[in-house]
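A.B. asks: Right, I'll just put the structure down here and ask away after.
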Amino acid sequence: MSRKKIIAGNWKMNMTLSEAVKLVEELKPLVATEDVDVVFCVPAIDIIPVVEAVKGSNIAVGAENMYFEEKGAYTGEISPAMLTDSGVKYVIIGHSERREYFAETDETVNKKVLKAFEHKITPIICCGESLTQREQGITIDWIRQQIKIAFLQVSAEQAKTAVIAYEPIWAIGTGKVATTEQAQEVCKAIRDCIAELYDEATAETIRIQYGGSVSADSAPELFAQPDIDGGLVGGASLKPDFGKIVNYNK
Ligand code: 13P
């Protein structure tokens, strides 16, 4: 079965409001294609102007985080309804930077994933091993644990619509991209894990991205792998290069 590729930019903590709108205007013609799903995940304060700026284009807007409660006394947090009401369709959950700096755990990831589905926001669920874990040979075990906890209580119907991003921590922002074989091996292991948790149909439908120093040069080979359904792109999503990544097969 063929899955439509999904290529998402993760802007992280970059782009002021005026810079954001300028970047969208610059990238819009470069990423105009129906061949792949294109998502811009942007800082919360940029969401409303970016949603406005992408109107009429093929670009969907995502958030970089979300809280798992509906509303209330959670100073500084953003609720799922705030996102959907602003036109957000996707949300990155459990990025390794949130796990490292903001105390995100597998348990909070699971709560956020469930909440996102409840609000019909597509979660982009991140997993990935550290360099030490890779060197210790525990990568696959680690990733399987992250996936199993993230998908607790998630139904097969919901899981089919989810996006998983495999992002080896040692490859993020380092310019050190995983080899095609390393990326494919883990993405396949993730798909096998989904098949065990659910069934073959779910595993064949769910989309799995690779992230970590994806560039216009590395994208074509990575995205040609049987279990890699696109990418989650950091640094290169802030540049015209993102257009080349989206059009990796042309
Ligand atoms: P880089 O593409 O800058 O390595 O970032 C990857 C990433 O963390 C995307 O979420």
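A.B. asks: Given q = 0.29 Å⁻¹, what are the Debye log10 I(q)/I(0) values for segment 197-245, with equal point scatterers placed on the Cα positions and solvent ignored?
C.D. replies: With one equal scatterer per Cα and no solvent, log10 I(q)/I(0) is -1.05.
A.B. asks: Still on this structure: Relative contact order for the chain: what percent, with Cα pairs under 8 Å and sequence separation of 6 or more?
C.D. replies: Taking the mean separation of contacting Cα pairs over the length of the chain, I get 21 percent.
A.B. asks: Just to confirm a number: summing +1 for Lys and Arg and -1 for Asp and Glu over residues other than residue 220 whose beta-carbon lies under 10 angstrom from that of residue 220, what do you get?
C.D. replies: Surrounding charge for residue 220 is 0.
A.B. asks: At 222 nm, what helix-only mean residue ellipticity would the chain give, in deg cm²/dmol to the nearest 500, using -39500 (n - 2.57) for each DSSP H run of four or more? Numbers along the way, then the final one.
C.D. replies: Numbers: 12 runs with 103 residues, N = 250.
When only DSSP H runs of four or more count, the value is -11500 deg cm²/dmol.
A.B. asks: Write down the accessible area per residue of segment 28-138 in Å², having rolled a 1.4 Å probe over the full set of protein chains.
C.D. replies: It amounts to 47 Å² per residue over segment 28-138.
A.B. asks: Something else now. Determine the shape class of the chain: with a ≥ b ≥ c the square roots of the Cα gyration tensor eigenvalues, call it rounded for a/c under 1.5, and otherwise prolate if a/b is greater than b/c, oblate otherwise.
C.D. replies: Cα axes put the chain in the rounded bin.
A.B. asks: Give me the number: length gained by fully extending residue 224 to residue 152, i.e. 0.36 nm times residue separation minus the C-alpha to C-alpha distance, one decimal in nm.
C.D. replies: Numbers: separation 72, 0.36 × 72 = 25.92 nm, distance 3.02 nm.
Value of the extension gain: 22.9 nm.
A.B. asks: Send over a whole-number figure in Å² for the accessible area per residue of segment 196-250, probe 1.4 Å.
C.D. replies: Values: 2110 Å² over 55 residues.
Result: 38 Å² per residue.
A.B. asks: Which peptide among 27-33, 186-192, 72-78, 102-108 comes first, and what is the full order, when sorted by highest mean count of other Cβ atoms within 10 Å?
C.D. replies: 186-192, 27-33, 102-108, 72-78
A.B. asks: Moving on. Give 12/160; 4/188; 71/111 a once-over and call out the pairs whose C-alpha atoms are over 22 Å from each other.
C.D. replies: 12/160
The values are calculated or read from the model by the stated rules, or taken from the named source; none is laboratory data. These numbers were taken from a predicted model, which means no experiment stands behind them. Glycine also receives a Cβ, built like all others from the backbone with ideal geometry; neighbour counts cover every protein chain displayed. SASA here: full protein model, heavy atoms, side chains in, ligands and nucleic acids out. Shrake-Rupley method; radii C 1.70, N 1.55, O 1.52, S 1.80 Å.
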